[in-house]
Amino acid sequence: MASYYRRKSGVPPPPRWQHPALTSGNPALRSAAAHAQQLGETNGWSPSLVRCAMDGLTAVLEDRPPGEPVRVTEVRTRIPRHASSHRVAEVLADLHLLEDDSSLAIRSWIDDRAGELPAGFAGDVRAWLLVLLDGDSRAKPRSHTCLYVYFGCVRPLLENWALTRGHLREITVADVTTALSHLRGWQRRNAIAALRSLFRFARKRGLIFANPTTRLKSEDIPRNLMPMTDAEVLAVQQTAVTPAQRLIVALAAVHAARATAIRRLTLDDLDLPNRRITIAGHVQRLGELPHQTLLAWLAQRRATWPKTPNRHVLINTKTALGAEPVSAEYLKRHLLHQGVYLERIRGDRVLHEALTVGADPLHLALVFNMSHTAASRYAAIAQSLLDDQIEQAAGRE
């Protein structure tokens, strides 16, 4: 009613409310608030998200001299609970006002796990894990998964040796052989790789006199792969019901795409009118099933996030506000935790192609853009299956 009588009397409407940060006397806060507003318009942030980001910026910049950076730990601890620390940090990073002083979670994990080891081994193992993480002049940094696997392999061995040994230099070849005697398959192969890495590091740093793993060799493990059964295919069909799930499965089942390539697939990699798709830099003809699932997912994507600036094909509520791809956990949550294994589907696709063309590794390498080693392995498996079929047919005759 107030608005009605105001218009009837010719009184101009009051000015629209603006966040106080936009008119703050602190130039750094005023600039950050304006940039947050601009980012919100560019990335499709909701008005409430923009206001919350300005609240967080006010908390960390209001009493700070212009030009002084804000530490990440301050962003996480000082901003209000309703504000998004990720968005506040994004604004500050764009303005070069963010200082990353947070230690990686993997470093805290290294300190915690190495501290649980016996005293004679803790310091050396911690130094070894840090070198794996950061690399050195002669070795590249390893992935976090590699650290988890290596430590998981050596920890029970070290705890067992600690009952009679007090340092790595006391470990002998007999100790290593005895510790590995009960391991088989991939468990043994991973343990050998981890021990060789640990003792090689210790020998290089002068922590031991002789390397007890010098003559250790890991055996090749035969890879057995069989085509998927009808029951497995039916289980995948019943599990993959959403457009996103069906698209992921279709890309793995038709184009043998890896999980990382699926996550990083962008809209620029799609040529729907000409039925072409570029996966991991390799151009392929888009199959009928991926084409239909792509259309269904893109329609849902456009209806759910019409203003998203993200160019990746797969996005979610979080990544729709930025430009990064979905995380590996996204695929696990939607498929792996439901019992759908993408590598199993991908391997079945490559094996089916190998059986169809007569186990030709060159054809597999060209079609799926894989290494000659991997193509030869699939071709060998396919040839073995074909030989078994010939023997069975000869036996029936």
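Just one of (1) crowded, with 19+ Cβ neighbours inside 10 Å; (2) more than 23 Å from the chain's Cα centre (by Cα) fails for R301. It is (2).
Residue count for region 287-298, restricted to those that are touching a helix residue (DSSP H, G or I) at 6+ places or on another chain (Cβ under 7 Å) and open to solvent by 80 Å² or more (accessible area, probe 1.4 Å): 1.
Tallying residues that are under 10 Å from L364 (Cα atoms) and in contact (Cβ under 8 Å) with a residue 60 or more places away in the chain within region 375-390 yields 1. When region 157-184 is filtered for residues that are open to solvent by less than 70 Å² (accessible area, probe 1.4 Å) and part of a helix (DSSP H, G or I), the ones remaining, listed by number, are L157, L158, W161, L168, A174, D175, V176, A179, L180. The listed residues are R7, R76, and the only one of them that is free of Cβ contacts under 8 Å to residues at least 40 places away in the same chain, open to solvent by 80 Å² or more (accessible area, probe 1.4 Å) and under 30 Å from I315 (Cα atoms) turns out to be R76.
Pairs are defined by a Cβ separation below 7 Å, a sequence spacing of at least 6 or placement on different chains, a first member in region 38-67 that is of a type in the set (D, E), and a second member that is buried (at least 20 other Cβ atoms within 10 Å of the Cβ); the pairs so defined are D55/A83; E62/L29.
Criterion applied to V313, V326 was being open to solvent by less than 70 Å² (accessible area, probe 1.4 Å), at pLDDT below 95 and within 17 Å of the chain's Cα centre (by Cα), and the one residue passing it is V326. Determine which member of the set G152, G135 is on the phi > 0 side of the Ramachandran plot and surrounded by fewer than 18 Cβ atoms within 10 Å (Cβ to Cβ). From the options G152, G135, the qualifying one is G135.
Residues in region 60-118 that are closer than 30 Å to L198 by Cβ and among the β-branched types (V, I, T) were compared, and the one that is nearest to the chain's Cα centre (by Cα) is I106. Among residues of region 229-242 that are touching a residue at least 24 places away in the same chain (Cβ under 8 Å), those with a beta-carbon under 7 Å from a residue that is open to solvent by 60 Å² or more (accessible area, probe 1.4 Å) at least six positions away or on a different chain give the pairs T239/Q338; A240/R246. Contact annotation: residue pairs with Cβ atoms under 9 Å, 6 or more positions apart or on different chains, pairing a residue in region 155-173 that is closer than 16 Å to I208 by Cβ with a partner that is open to solvent by 80 Å² or more (accessible area, probe 1.4 Å) and hydroxyl-bearing (S, T, Y), are E170/T164; V173/T214. Give the number of residues within region 34-56 that are farther than 10 Å from S84 by Cα, at pLDDT 90 or above and touching a Ser or Thr at 6+ places or on another chain (Cβ under 9 Å). Total satisfying the criteria: 0.
Condition check ((1) touching a strand residue (DSSP E or B) at 6+ places or on another chain (Cβ under 7 Å); (2) acidic (D, E); (3) assigned to a loop (DSSP other than H, G, I, E, B); (4) open to solvent by less than 80 Å² (accessible area, probe 1.4 Å)) across all residues:
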{"residue": "L49", "(1), (2), (3), (4)": "no, no, no, yes"}
{"residue": "D55", "(1), (2), (3), (4)": "no, yes, no, yes"}
{"residue": "A59", "(1), (2), (3), (4)": "no, no, no, yes"}
{"residue": "L92", "(1), (2), (3), (4)": "yes, no, no, yes"}
{"residue": "D101", "(1), (2), (3), (4)": "yes, yes, yes, yes"}
{"residue": "L117", "(1), (2), (3), (4)": "no, no, yes, yes"}
{"residue": "W128", "(1), (2), (3), (4)": "no, no, no, yes"}
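Look at A320 and say whether it is closer than 19 Å to Q338 by Cβ and in a helix (DSSP H, G or I). Here the answer is no, as A320 does not meet what is asked. Any residue at all in region 369-392 that is among the β-branched types (V, I, T) and in contact with a helix residue (DSSP H, G or I) (Cβ under 6 Å, 6 or more places away or on another chain)? No - not one qualifying residue is present in region 369-392.
The values are calculated or read from the model by the stated rules, or taken from the named source; none is laboratory data. Just so it is clear, the model here is predicted, and its values are computed rather than measured. Cβ coordinates were reconstructed from backbone atoms using ideal geometry, including for glycine residues, and neighbour counts include every protein chain displayed. Side chains are part of the model used for accessible areas, which takes the heavy atoms of the whole protein and leaves out ligands, DNA and RNA. Shrake-Rupley method; radii C 1.70, N 1.55, O 1.52, S 1.80 Å.
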